[in-house]
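J.: Below you'll find the structure I mean.
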Amino acid sequence: MMERIPVSSTLDEETARAEVYGLLAALYYAPPTAELLSQLRVAATEAPAAGGFLEEPWRQVVAAARERTDAQIAEEHDALFGGVGKPDIHLFGSHYLSGFLNEKPLAQLRTDLAALGLAREEGMPETEDHVAYVFEVMRYLIAGDDVEVANLTRQREFFAKHVQSWVPQLCETIAAHPKARFYAAIAGFTQAFIGVEAQGFDMLA
């Protein structure tokens, strides 16, 4: 998982987009490392261009990281997404698209991943419809070297089918949960970022 912070005026737009997807993947997949949280706490909170749509949601993320200890954030991640048995909040697309885990949406995702030449790593216990996995796929489609796969057309198709179709609902679920503090801010930023991505892809249509 990428753990660099996506806030720098020197980054071009495509690199910045890939960085955001990588950061979000890391934050949702596991409790953030001490190094990542240290970076978040000192991250710039002003967008390169004044009034940027993501500026305030990003400021909320940085503030939430500064207000809580590493242990508190790790405990929150486990309380929301971990635990024994059924978690409070599922991070899998099939749950939001069909109401059940390991259903048709996962099969369709696997078909689409195979068409992109992608597959889950052997050691990954989660299924491919985990939010961190689909974010990593988006990062690859933006930053990958294979222009036959890593291009705007593929990004738009994958985003519409496997991100926009359910991640906003996940964000709303997290934001409404009484235990969510740091991750409520992450969900707010994710929701805003997905909105910006959707607008950008709409402009390509």
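J.: Restricting the search to the stretch 126-147, which residues are surrounded by 15 or more Cβ atoms within 10 Å (Cβ to Cβ) and either over 18 Å from the mean Cα position of the chain (by Cα) or not in a helix (DSSP H, G or I) (or both)?
T.: 127, 128, 129, 130, 144 - these are the residues of the stretch 126-147 that are surrounded by 15 or more Cβ atoms within 10 Å (Cβ to Cβ) and either over 18 Å from the mean Cα position of the chain (by Cα) or not in a helix (DSSP H, G or I) (or both).
J.: Out of all the residues in the stretch 51-61, which are part of a helix (DSSP H, G or I) and open to solvent by less than 70 Å² (accessible area, probe 1.4 Å)?
T.: 55, 57, 58, 61
J.: Answer yes or no as to whether residue 157 is in a loop (DSSP other than H, G, I, E, B), closer than 20 Å to residue 204 by Cβ, open to solvent by 80 Å² or more (accessible area, probe 1.4 Å) and charged (D, E, K, R). Spell out how you get there, then give the answer.
T.: Values: in a loop (DSSP other than H, G, I, E, B): no; closer than 20 Å to residue 204 by Cβ: yes; open to solvent by 80 Å² or more (accessible area, probe 1.4 Å): yes; charged (D, E, K, R): yes.
So residue 157 fails the test.
J.: Here's another thing I want to ask about it. Considering every residue within the stretch 14-22, establish whether at least one is at pLDDT 95 or above, open to solvent by less than 60 Å² (accessible area, probe 1.4 Å) and basic (Lys, Arg).
T.: no
J.: In addition: Hey, could you check the stretch 190-199 for residues that are over 13 Å from the mean Cα position of the chain (by Cα) and open to solvent by 30 Å² or more (accessible area, probe 1.4 Å) and say which is nearest to residue 19 (Cα to Cα)?
T.: In this case the residue turns out to be 196.
J.: Could I ask something else about it? Checking the condition at pLDDT below 90 and either part of a helix (DSSP H, G or I) or buried (at least 17 other Cβ atoms within 10 Å of the Cβ) (or both), which residue from 180, 187, 150 passes?
T.: Just one listed residue meets the conditions, 150.
J.: If residue 171 meets every condition in (1) open to solvent by less than 30 Å² (accessible area, probe 1.4 Å); (2) of a type outside the set (Lys, Arg); (3) assigned to a loop (DSSP other than H, G, I, E, B) apart from one, which number is that one?
T.: Failed condition: (3).
J.: How about the stretch 114-125: which of its residues are closer than 15 Å to residue 25 by Cβ, out of contact with any strand residue (DSSP E or B) (no Cβ under 9 Å at 6 or more places or on another chain) and open to solvent by less than 70 Å² (accessible area, probe 1.4 Å)?
T.: The answer is 118, and nothing else.
J.: Same structure again: Exactly one condition in (1) out of contact with any helix residue (DSSP H, G or I) (no Cβ under 9 Å at 6 or more places or on another chain); (2) assigned to a helix (DSSP H, G or I) is not met by residue 123; state its number.
T.: (2)
J.: How many of the residues making up the stretch 62-120 are closer than 19 Å to residue 138 by Cα, under 18 Å from the mean Cα position of the chain (by Cα) and part of a loop (DSSP other than H, G, I, E, B)?
T.: 2
J.: Please find, within the stretch 84-113, the residue that is least open to solvent (accessible area, probe 1.4 Å) out of those that are free of Cβ contacts under 8 Å to residues at least 12 places away in the same chain and among the hydroxyl-bearing types (Ser, Thr, Tyr).
T.: Looking at residues that are free of Cβ contacts under 8 Å to residues at least 12 places away in the same chain and among the hydroxyl-bearing types (Ser, Thr, Tyr), I get 98.
The values are calculated or read from the model by the stated rules, or taken from the named source; none is laboratory data. This one's a predicted model, so the numbers in the text were calculated from it and none came from an experiment. Cβ: placed from backbone, ideal geometry, glycine included. Neighbour counts: every protein chain shown. What goes into the accessible areas is simple: the full protein's heavy atoms, side chains included, and nothing from ligands, DNA or RNA. Shrake-Rupley method; radii C 1.70, N 1.55, O 1.52, S 1.80 Å.
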